[in-house]
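Reading through the structure tokens given below for one structure.
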Amino acid sequence: MNGYYFSTKGMCVGYGGKPLIKEIEIALPKGEILSLIGPNGAGKSTVLKSIAGQLTLLGGTVVLENDSLAKMSADKLAKRMAVLFTEKVKAELKSCWDVVATGRYPYTGWLGILSEKDKQIVNEVMELTHITELGKKEFDKISDGQKQRVMLARAMCQEPEILILDEPTSYLDIRYKLEFLSLLQEMREKRDLTVIMSLHELELAKLVSDKILCLKGEYAQRYGTPQEIFTQDFIERLFDINEERFWGNEKLLWYLKQVTEK
């Protein structure tokens with residue numbers, strides 16, 4: 001794993017001391033996008049929460065550059081890693097600017113008072129994520145797609161090196177899905193941001209990812225580039241797709257080919 005920005009070695013995750021997935025091995029250069037795919041219930045969220053420190057590892061290590069995440073203080077981790085999960089955020093009577101500004105919490109201390117530098121960073125990030133025009137609008141009254149961009153801006157206000165996202169395109173229509181993933185690629189290019197996320201949409205994972213981790217059962221099934229992962233034979237096995245079951249359904253067969261053809 002030496003030489004990689006983010007890596008795991010023998011990572012074992014689960015709940016209540018009971019392993020769910022064992023021996024997870026990831027090696028990711030800085031500035032790359034990794035997507036986790038697999039059937040529902042395969043453990044994608046569990047892996048992400050374990051990486052983010054919300055669940056205790058049952059075995060192995062997670063390393064960011066040369067630092068073990070298990071030994072990193074919460075304050076230090078919050079300045080290097082931001083997390084965006086699917087839980088709905090309640091922000092009654094708060095403007096979008098105020099919501100984004102809460103991302104500065106690792107730097108503001110107990111009182112949460114924003115310095116002029118903090119305010120400048122909030123404004124810069126909102127411009128970078130193309131939501132400046134939403135600044136004065138009430139967060140609870142904007143669309144789901146706009147809320148997701150605001151939450152991305154809040155995460156980016158932490159000035160993270162790595163961003164963890166769990167199903168960030170859930171509940172979004174196709175336009176907002178594409179806009180959001182395009183923003184991630186833009187952040188990667190402008191900020192050298194490393195992204196680890198779970199995605200249901202295989203065609204989008206194929207388009208935006210540098211690496212793919214496939215989860216199913218007790219062990220990760222495969223780790224590699226989209227070209228290595230998205231073969232028809234492997235995707236059929238990963239998702240238990242029996243092509244004969246869809247014989248005659250041209251639309252479903254067309255989709256499978258779109259996902260797996262190079």
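The values are calculated or read from the model by the stated rules, or taken from the named source; none is laboratory data. Computed from a predicted structure; not experimentally measured. With ideal geometry, Cβ positions are generated from the backbone for all residues, glycine too; neighbour counts draw on all protein chains shown. Just so you know, the surface numbers come from the protein's heavy atoms only, side chains and all, with ligands and any DNA or RNA stripped out. Shrake-Rupley method; radii C 1.70, N 1.55, O 1.52, S 1.80 Å.
Remarks
- The packing ranking, built from the mean of other Cβ atoms within 10 Å per residue, places the peptides 196-203, 175-182 in the order 196-203, 175-182, highest first.
- The eigenvalues of the Cα gyration tensor, multiplied by 5 and square-rooted, give the chain an equivalent ellipsoid with semi-axes of 32, 24, 16 Å from largest to smallest.
- Among Ile229, Ile113, Ile33, the largest mean-square fluctuation in a Gaussian network model of the chain (Cα springs under 10 Å) belongs to Ile113.
- Zone residues, the range 18-48, relative to Arg222, backbone N less than 15 Å from point 7 Å out along Cα-to-Cβ: 35-39
- Near Leu20, the amide H atoms lying under 5 Å from its own belong to Val13, Gly14, Tyr15; only residues 5 or more places off or on other chains count, and H is placed 1.01 Å from N.
- Inter-label distance for Gln185 and Glu124, nm, one decimal - labels placed 7 Å from Cα along Cα-to-Cβ: 2.5
- With both residues required to sit in the range 132-262, DSSP beta bridges show an antiparallel share near 50%.
- In the context of the full set of protein chains, the chain has a per residue accessible area of 52 Å² (1.4 Å probe).
- Positive-pole candidate from Leu93, Thr169, Ile131, dipole of the chain, charges at beta carbon: Leu93
- Centroid-to-centroid, using Cα positions, the range 152-220 and the range 65-130 are 18 Å apart.
- Residues of type aspartates and glutamates that Lys30 reaches as a straight line, Cα spacing below 19 Å, ignoring anything fewer than 8 places off in the same chain: Glu65, Asp67, Glu159, Glu161, Glu186, Glu189, Asp192, Asp210
- Under the combined filter of DSSP loop state and at most 11 neighbouring Cβ atoms within 10 Å, the range 40-145 retains these chymotrypsin sites (Phe, Trp or Tyr not before Pro): Trp110.
- Lysine pairs in the range 105-262 whose alpha-carbon atoms fall under 19 angstrom of each other, counting only those eight or more residues apart or on distinct chains, come to 11.
- Neighbour net charge for Pro29 - beta-carbon separation under 13 angstrom, K R +1, D E -1: -2
- The Cβ shell under 14 Å around Arg80 holds other residues with a net charge of -1, Lys and Arg each +1, Asp and Glu each -1.
- Summing Cβ point charges (Lys, Arg +1; Asp, Glu -1) relative to the Cα centre of the range 163-240 gives a dipole of roughly 180 debye.
- Amide H contacts under 5 Å for Thr86: Asp166, restricted to partners 5 or more places along the chain or on a different chain, H placed in the peptide plane at 1.01 Å from N.
- Each Cα pair under 8 Å and six or more residues apart adds its sequence gap; the mean of these over the residue count of the chain is a relative contact order of 25 percent.
- Projected label points at Cys12 and Asp192, each 7 Å from Cα along the beta carbon direction, are separated by 3.6 nanometres.
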